[in-house]
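Everything on this sheet refers to the single structure shown next.
The values are calculated or read from the model by the stated rules, or taken from the named source; none is laboratory data. Predicted model, so just to flag it, every value in this text is computed and none were measured. Methodologically, a virtual Cβ is constructed for each residue, glycine included, from the backbone with ideal geometry; neighbour enumeration extends over all protein chains shown. Keep in mind that these areas ignore ligands, DNA and RNA; they rest on the heavy atoms of the full protein, side chains included. Shrake-Rupley method; radii C 1.70, N 1.55, O 1.52, S 1.80 Å.
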Amino acid sequence: MGSASRVLLCKSSSSLVFFGPAVSCSQLRFKSFSPSPINPRVHNQHHRMATEASPSSSSVTNGDNNVHPPANDGAASPPAASAIDFLSLCHNLKKTKRAGWVKRDIKNPESIGDHMYRMGLMALIAPDIPGIDRDKCIKMAIVHDIAEAIVGDITPSDGVPKAEKSRQEQEALDHMCKLLGGGLRAQEICQLWMEYEENSSPEAKIVKDFDKVEMILQALEYENEQERDLDEFFQSTAGKFQTEVGKAWALEIASRRRRKGH
């Protein structure tokens with residue numbers, strides 16, 4: 001996997017100020033949709049978006065010795081207040097437990113954030129693959145479930161149609177990107193999320209496989225630690241890996257599971 005990273009640019013019709021107009025994910029590639037209230041299962045907070053703080057982020061002195069607040073030109077980073085609002089919303093990813101484990105009464109189940117973090121490590125340590133951008137895979141791994149900070153972990157057993165789940169998550173992501181101010185970082189998050197959802201790039205296919213690999217590895221760990229039978233998770237992923245690295249890692253996990261007598 002290569003180390004080059006792409007930056008996705010998207011211009012808005014007017015320059016951005018602290019609460020200025022922002023480009024949403026739906027404006028980037030998705031078809032328009034009628035907004036609806038965010039899923040009540042999740043937190044209904046509305047946050048502003050911010051950028052990274054820098055020594056010049058609070059004020060700028062010009063030639064007339066007057067102090068003026070800096071303009072947000074929508075470049076790489078949002079203002080500090082928006083960044084902290086966004087990160088505070090992402091705290092939900094750390095405290096929301098993965099629903100599949102909760103429904104099976106697993107003790108101390110992993111959070112959404114736990115799952116995303118180990119996927120990021122998978123992308124970091126994966127073998128080099130010609131034409132694959134490793135940095136993009138890492139970024140995609142840490143944003144692929146980011147909308148669950150608002151909608152929660154919707155599973156197939158919840159009975160929510162796939163199209164409705166996607167709509168809810170898209171709406172949540174639009175809200176989060178507006179919270180960030182709609183600059184380049186927000187637009188990159190939107191683009192990475194959409195590529196993953198649509199399985200539309202080689203990197204997305206690898207990260208999709210990491211999503212399944214992480215799940216079955218976690219299932220094996222729970223089987224070993226809590227003496228549980230979680231065979232359904234292995235059956236649900238069988239034959240669905242798209243990449244050689246995904247197939248190899250899944251085969252290794254299955255081999256270890258057999259040696260444990262599961």
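Key figures
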| item | result |
| --- | --- |
| Qualifying residues in region 193-202 (those that are part of a helix (DSSP H, G or I) and open to solvent by 50 Å² or more (accessible area, probe 1.4 Å)) - the one nearest to PRO109 (Cα to Cα) | GLU197 |
| Subset of region 149-168 (residues that are assigned to a helix (DSSP H, G or I) and open to solvent by 10 Å² or more (accessible area, probe 1.4 Å)) | PRO156, SER157, ASP158, LYS162, ALA163, GLU164, LYS165, SER166, ARG167, GLN168 |
| Tabulated pairs, region 84-96, first over 17 Å from GLU169 (Cβ atoms), second modelled with pLDDT of 95 or more, C-beta under 6 angstrom, 6+ apart or interchain | LYS94/SER111; LYS94/GLY113 |
| Residues satisfying the stated conditions in region 176-192, i.e. surrounded by fewer than 24 Cβ atoms within 10 Å (Cβ to Cβ) and at pLDDT 95 or above | GLU188, ILE189, GLN191 |
| Within region 203-253, considering residues that are without any contact (Cβ under 8 Å) to a residue 24 or more places away in the chain and in contact with a helix residue (DSSP H, G or I) (Cβ under 7 Å, 6 or more places away or on another chain), the one most open to solvent (accessible area, probe 1.4 Å) | PHE234 |
| Tabulated pairs, region 165-189, first touching a residue at least 12 places away in the same chain (Cβ under 8 Å) and farther than 20 Å from ASP135 by Cβ, second charged (D, E, K, R) and not in a helix (DSSP H, G or I), C-beta under 8 angstrom, 6+ apart or interchain | LEU179/ARG48 |
| Residue in region 80-88 that is in a helix (DSSP H, G or I) and either closer than 25 Å to PRO156 by Cβ or modelled with pLDDT under 50 (or both) present | no |
| Residues located in region 150-178, provided they are acidic (Asp, Glu) and in contact with an Asp or Glu (Cβ under 9 Å, 6 or more places away or on another chain) | ASP153, GLU169 |
| Qualifying positions in region 123-141 - more than 12 Å from the chain's Cα centre (by Cα) and of a type in the set (Val, Ile, Thr) | ILE125, ILE129, ILE132 |
| Verdict on ALA141 being modelled with pLDDT of 95 or more and either in a loop (DSSP other than H, G, I, E, B) or not aromatic (Phe, Trp, Tyr) (or both) | yes |
